[in-house]
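Since the structure comes first, as structure tokens, the remarks are kept for the end.
The numbers here are math on the coordinates, done by the rules we state, and not lab data. Being a predicted model, the structure only gives us computed values, none of them experimental. Positions of Cβ are generated from backbone atoms using ideal geometry, with glycine treated the same way; all protein chains shown enter the neighbour counts.
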Amino acid sequence: MPALGAAGVLYHAQTDSVLLHHRDAGAPTDADCWHPFGGYSEPADGGDPVATWRRELREELGVDVPAALVRPLFQDEVASGRVVHVFWAEWPTRSEDFVLGEGDGFAWFPLEAALRLPDLTDRARERLLRLRDRLRPG
């Protein structure tokens with residue numbers, strides 16, 4: 001059975017902004033593009049997609065997001081047949097006091113500006129549109 005995936009964004013409600021990850025040129029997928037933070041499960045995650053996303057945030061951003069803040073958005077099946085659980089978590093500040101562990105950058109973007117990024121992957125755009133729909137129902 002393929003490893004499950006977990007991805008998502010930190011969201012700052014006061015500024016309607018999302019934190020995205022810029023993947024480097026050597027990334028196995030989505031190189032040189034903006035994308036939500038995430039990756040695939042490891043045995044230590046115990047098959048728990050929330051644990052996977054939290055671990056990925058620790059590895060990629062140096063931040064420990066409390067499990068109680070993690071909110072499910074939807075599940076996405078990617079081309080490899082893997083299921084990716086997509087999450088979001090409200091973050092209290094637009095601080096950039098993170099420690100980048102992978103990729104070549106990260107940045108906060110107002111949600112609407114993020115959707116217009118020319119180097120945002122289609123999959124990332126879909127995930128942000130789903131977040132916008134969740135935040136602004138109707």
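Assorted remarks:
- Full extension of the chain between residue 64 and residue 134 gives 22.8 nm of extra length, using 0.36 nm per residue less the Cα-Cα distance.
- Within the chain, helix-based [θ] at 222 nm, where runs of 4 or more DSSP H residues each add -39,500 (n - 2.57), nearest 500: -7000 deg cm²/dmol
- Scaled against the 2.2 N^0.38 Å expected of a compact globular protein of N residues, the Cα radius of gyration of the range 91-138 reads 1.31.
- Beta bridge orientation in the range 5-135: antiparallel %, DSSP, nearest 5: 75 percent
- A cut-off of 5 Å between modelled amide H atoms, ignoring neighbours fewer than 5 places along the same chain, links residue 103 with 24.
- Candidates per GluC sites (Glu not before Pro) in the range 35-124, loop by DSSP, up to 11 other Cβ within 10 Å: 96
- The chain - percent relative contact order, Cα under 8 Å, separation 6 or more: 32 percent
- Rg and Dmax [Cα atoms of the chain; Å; Rg one decimal, Dmax integer]: 13.8, 41
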